[in-house]
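Written below as structure tokens is the structure these notes are about.
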């Protein structure tokens with residue numbers, strides 16, 4: 001007889017939580033998808049292993065816990081979706097979660113019936129269960145694989161939005177089975193679109209309410225915004241379900257989308273809190289749900305199960321993608337990659353466990369086999385597609401190119417001026433800033449902006465720092481710039497790092513900057529606050545100058561006189577050489593023919609431009625023949 005504490009539901013939850021978090025850390029270190037380790041932990045700790053985790057002792061408490069956890073997970077998934085990107089790919093996304101869902105459900109049902117030999121009732125339920133993919137598996141995989149932005153947007157949006165669609169379809173199908181068909185059950189099937197619409201409407205209203213409240217500091221005291229949001233999300237979920245059963249899952253996904261696209265004063269903290277909470281909940285749920293599956297049931301499925309999974313991967317998913325992306329402008333290789341990457345996640349596992357329980361209680365056969373099959377689909381797709389996704393992306397040429405563009409930390413005037421020059425020169429530029437008003441201003445100028453703090457690894461990962469040519473830390477604080485640059489160096493040695501120094505203040509100095517392998521932006525320290533003020537007041541302009549004479553040190557670095565050193569009346573922002581534009585640093589030696597974007601102050605001395613010309617510089621462009629040859 002097992003010890004009494006093993007029958008305690010609280011003990012089961014606590015052990016699953018601890019095991020899940022430890023498994024997440026282990027997965028990070030060995031660089032495998034977290035779900036693989038979660039499933040193994042659940043099996044080892046469950047009844048077929050050490051018998052420490054006993055989910056059956058939780059009864060209907062497991063169903064309640066799963067429901068609330070899924071609500072938080074999908075809300076967090078919605079927070080990370082960008083409406084602007086969704087609009088650009090709206091046609092494909094809309095088809096994937098409607099027509100594509102029907103293709104997957106139908107194809108899965110046919111495969112289960114023909115290969116597994118199941119009756120049509122269980123086969124149809126299986127088809128509805130494998131509709132979903134899920135943000136808990138798609139998003140981490142895409143962060144590692146780094147595919148083209150348009151492709152990433154489609155896959156991430158499908159992962160978030162297909163979960164409520166698939167879950168509602170599956171639950172309604174189960175209700176139809178349990179009620180034995182009939183008129184009421186048929187009406188329930190017709191109500192699927194209604195549940196999605198009602199859920200979406202409640203989500204929009206609830207999301208607007210949460211986002212509006214979070215915008216005003218007096219309403220929610222500091223330190224309470226995260227738990228305030230969490231509480232309202234759970235209430236929204238339950239209220240929506242009370243209004244119309246099973247609509248809550250759509251509500252929280254849409255609410256997250258709305259809140260995530262409203263610039264609130266606590267958005268950075270909210271994203272971080274929800275992301276950590278989601279990791280914890282996903283880890284715990286997978287351990288619990290995996291422990292609830294018996295290995296004997298999985299093994300009993302045999303070879304037909306693997307054939308069914310291969311059919312889902314190589315027949316059903318490609319048909320889904322080709323139908324959904326018709327006329328979208330997607331290339332064949334992009335479609336092939338989408339066809340390959342469709343791992344299942346927590347919602348499929350959660351709904352399958354619910355199905356197994358309700359089918360047994362309703363006197364129907366096939367519930368445990370159905371659950372075992374879904375878990376096998378999850379394990380197989382995550383392992384196979386997760387481990388091979390990067391190689392497939394490279395082979396198909398859909399990976400984002402490395403050595404591509406710049407990340408600029410800071411969105412104030414000087415940072416935007418530099419970013420504009422780089423962007424106009426054909427470089428892709430992403431800005432990072434934790435100031436909501438500066439972030440909005442940069443977005444209004446057409447920049448991609450990540451709202452958050454650059455000293456957080458997740459923010460750097462979102463900016464795709466590993467795939468960039470350069471990383472520019474341009475905050476008013478030199479020590480912060482050096483600290484962030486060092487953190488980037490710890491993540492990746494790929495991008496060249498540029499650090500801005502402030503003139504006249506304490507903090508990082510040139511020797512420390514060079515010691516850590518960075519270059520000094522603009523060729524030297526500048527008076528950051530003054531230049532930001534000048535630009536905001538329209539008292540500074542960007543002018544292009546070209547070098548006609550011999551090689552030159554950084555513009556204004558003493559050659560124009562001590563009173564005109566770089567940082568006082570001019571800043572060399574970026575230079576163009578061989579049709580490539582890059583930031584100016586203290587490592588740059590200008591060559592004849594180079595073009596340099598110079599930021600000139602409105603109060604510059606009248607003789608400044610004459611001194612530039614005397615030093616071999618010409619305003620605007622020069623003909624190639626005018627450039628003097630380099631002498632050695």
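Scanning for something over 15 Å from residue 384 (Cα atoms), under 22 Å from the mean Cα position of the chain (by Cα) and modelled with pLDDT under 80, does segment 320-332 turn up at least one residue?
Scanning segment 320-332, I find no residue that is over 15 Å from residue 384 (Cα atoms), under 22 Å from the mean Cα position of the chain (by Cα) and modelled with pLDDT under 80, so the answer is no.
Only one of 454, 415, 442 is in a helix (DSSP H, G or I) and in contact (Cβ under 8 Å) with a residue 40 or more places away in the chain; which?
Every option except 415 fails the conditions.
Kindly establish whether residue 74 is part of a helix (DSSP H, G or I), under 18 Å from the mean Cα position of the chain (by Cα) and at pLDDT 80 or above.
yes
For segment 226-236, how many residues are surrounded by 16 or more Cβ atoms within 10 Å (Cβ to Cβ) and more than 22 Å from the chain's Cα centre (by Cα)?
4
In this structure, is residue 53 surrounded by 24 or more Cβ atoms within 10 Å (Cβ to Cβ), over 28 Å from the mean Cα position of the chain (by Cα) and at negative phi?
yes
Across segment 565-604, what is the total count of residues that are closer than 15 Å to residue 542 by Cα, under 35 Å from the mean Cα position of the chain (by Cα) and without any contact (Cβ under 8 Å) to a residue 40 or more places away in the chain?
Going through segment 565-604 one residue at a time, the tally reaches 1.
Return the only residue of 423, 462, 441, 489 being within 27 Å of residue 148 (Cβ to Cβ), surrounded by fewer than 22 Cβ atoms within 10 Å (Cβ to Cβ) and out of contact with any strand residue (DSSP E or B) (no Cβ under 6 Å at 6 or more places or on another chain).
After ruling out the rest, the residue left standing is 489.
Given the residues 186, 200, 170, 157, which is the only one that is assigned by TED's automatic domain parsing to the domain that holds residue 254, modelled with pLDDT under 80 and either farther than 26 Å from residue 362 by Cβ or in contact with a helix residue (DSSP H, G or I) (Cβ under 9 Å, 6 or more places away or on another chain) (or both)?
Matching residue, one of 186, 200, 170, 157: 186.
Would you mind stating whether residue 402 is under 30 Å from residue 453 (Cα atoms) and either part of a loop (DSSP other than H, G, I, E, B) or touching a residue at least 60 places away in the same chain (Cβ under 8 Å) (or both)?
It is true that residue 402 is under 30 Å from residue 453 (Cα atoms) and either part of a loop (DSSP other than H, G, I, E, B) or touching a residue at least 60 places away in the same chain (Cβ under 8 Å) (or both).
Kindly establish whether residue 37 is crowded, with 21+ Cβ neighbours inside 10 Å, free of Cβ contacts under 8 Å to residues at least 60 places away in the same chain and assigned to a helix (DSSP H, G or I). Before you say what the answer is, go through the steps one by one.
On the way: crowded, with 21+ Cβ neighbours inside 10 Å: yes; free of Cβ contacts under 8 Å to residues at least 60 places away in the same chain: yes; assigned to a helix (DSSP H, G or I): yes.
Answer is yes for this residue.
Check residue 479 against each of (1) surrounded by fewer than 21 Cβ atoms within 10 Å (Cβ to Cβ); (2) modelled with pLDDT under 85; (3) in a helix (DSSP H, G or I) and name the one condition it does not meet.
The one condition residue 479 does not meet is (2).
Does segment 301-312 include one or more residues that are within 27 Å of the chain's Cα centre (by Cα), within 26 Å of residue 91 (Cα to Cα) and without any contact (Cβ under 8 Å) to a residue 24 or more places away in the chain? I'd like the intermediate steps shown before the answer.
Going residue by residue through segment 301-312, those that are within 27 Å of the chain's Cα centre (by Cα) are 312.
Applying the additional criterion that residues be within 26 Å of residue 91 (Cα to Cα) yields 312.
This time we only want the ones that are without any contact (Cβ under 8 Å) to a residue 24 or more places away in the chain, so: none.
No, segment 301-312 contains no residue that is within 27 Å of the chain's Cα centre (by Cα), within 26 Å of residue 91 (Cα to Cα) and without any contact (Cβ under 8 Å) to a residue 24 or more places away in the chain.
The values are calculated or read from the model by the stated rules, or taken from the named source; none is laboratory data. Worth saying up front: this structure is predicted, and the values here are computed from it rather than measured. Note that we place each Cβ from the backbone using ideal geometry, even for glycine, and neighbour counts take in every protein chain shown.
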